[in-house]
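As structure tokens, the structure follows; a few thoughts come after it.
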Amino acid sequence: MATAVKKTNWFAIWVSIAVVVVLVAVIVVVALMNNSANEPAARPASAGIEQESGAIQIGTGPDVVSVYFDFFCSHCQQFESVYGDTIAEGLTDGSITLELHPVALAGLNAASGTDFSKRGSNAMYCVADAEPEAAWTFYSEVFALNPGGQGLTDEELLSLAGDAGVTGIDDCVAERTWDDLVAEQTRTLPANPATGSAGTPTLLVNGEYVPVTLDPEADITARLAG
């Protein structure tokens, strides 16, 4: 009786090889995308930008107060109304360096219907890039309006920049030049160590997370080493 010869199923083999190749390609693409997403975004070359963190830096005091904010955030608006004078005093007397981190929370950005969180934070960077000394004035003037509804238009943001002494940033605002940097600031928003959640406003003093209690004396002044 003749022995049956088992035929090699080359079609199945080639299909399996093709599947493996596709899977490897997908893994490589995902890895490249993840690496790209985690790469630091471009920063403005301005002296007002802390290059490592991407923060907008104001003042040269020995104590560092860091604020993560979204212009469309009602709690951030309250934070500025309560803490603004204390921060301004620290800048005036030279006791602090203020680091502003403009972010755009997805829910707030969507709620405006106009991408205001992203546009406002981008405009903050446009101002800081063009004229670092105007950054605090612009920040304060935007918050003074307590933007609600659809937020502010680009024209209104440019007008406030002009009031702060900054012109020539029309293209930066219209083209959203610093969107990637805003996304990075949002992605690296520090979490509350007690809860693990992250949101705005977020306050750090000399790198230490400070729960916001609406008491500027306790939350900022009493924590300054100077």
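Tabulated results
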{"read-out": "Neighbours by Cβ (under 8 Å, 6+ apart or cross-chain): first from the stretch 166-188, farther than 28 Å from Ala198 by Cβ and part of a helix (DSSP H, G or I); second at pLDDT below 95 and open to solvent by 80 Å² or more (accessible area, probe 1.4 Å)", "value": "none"}
{"read-out": "The stretch 200-217 - residue that is in contact with a strand residue (DSSP E or B) (Cβ under 9 Å, 6 or more places away or on another chain) and not β-branched (Val, Ile, Thr) and, of those, surrounded by the most Cβ atoms within 10 Å (Cβ to Cβ)", "value": "Leu203"}
{"read-out": "Selection status of Gly94, small (Gly, Ala, Ser), more than 20 Å from Glu50 (Cα to Cα) and assigned to a loop (DSSP other than H, G, I, E, B)", "value": "no"}
{"read-out": "Filtered residue count, the stretch 157-173, keeping only those that are within 17 Å of Ala104 (Cβ to Cβ) and either open to solvent by 30 Å² or more (accessible area, probe 1.4 Å) or among the aliphatic types (A, V, I, L, M) (or both)", "value": "2"}
{"read-out": "Failed condition for Ser197, given (1) among the small types (Gly, Ala, Ser); (2) exposed (fewer than 15 other Cβ atoms within 10 Å of the Cβ); (3) in contact (Cβ under 8 Å) with a residue 12 or more places away in the chain", "value": "(3)"}
{"read-out": "Subset of the stretch 122-156 [among the polar types (S, T, N, Q), surrounded by 17 or more Cβ atoms within 10 Å (Cβ to Cβ) and either free of Cβ contacts under 8 Å to residues at least 12 places away in the same chain or within 19 Å of Trp178 (Cα to Cα) (or both)]", "value": "Asn122"}
{"read-out": "All positions within the stretch 105-121 that are open to solvent by less than 10 Å² (accessible area, probe 1.4 Å) and farther than 14 Å from Val142 by Cα", "value": "Ser112"}
{"read-out": "Subset of the stretch 200-219 [in a loop (DSSP other than H, G, I, E, B), in contact (Cβ under 8 Å) with a residue 60 or more places away in the chain and more than 22 Å from the chain's Cα centre (by Cα)]", "value": "Leu214"}
{"read-out": "Scan of the stretch 40-85 for residues that are assigned to a helix (DSSP H, G or I), surrounded by fewer than 17 Cβ atoms within 10 Å (Cβ to Cβ) and among the polar types (S, T, N, Q), ordered by number", "value": "Ser74, Gln78, Ser81"}
{"read-out": "Filter result (over 14 Å from Arg43 (Cα atoms) and either outside any helix (DSSP H, G or I) or aromatic (Phe, Trp, Tyr) (or both)) within the stretch 110-126", "value": "Gly113, Thr114, Asp115, Phe116"}
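The values are calculated or read from the model by the stated rules, or taken from the named source; none is laboratory data. Keep in mind the model is a prediction, meaning the values are calculated, not measured. In this analysis, Cβ positions are derived from the backbone assuming ideal geometry, glycine residues included, and neighbour counts consider all displayed protein chains. Protein only, heavy atoms only, side chains kept; ligands, DNA and RNA dropped before computing areas. Shrake-Rupley method; radii C 1.70, N 1.55, O 1.52, S 1.80 Å.
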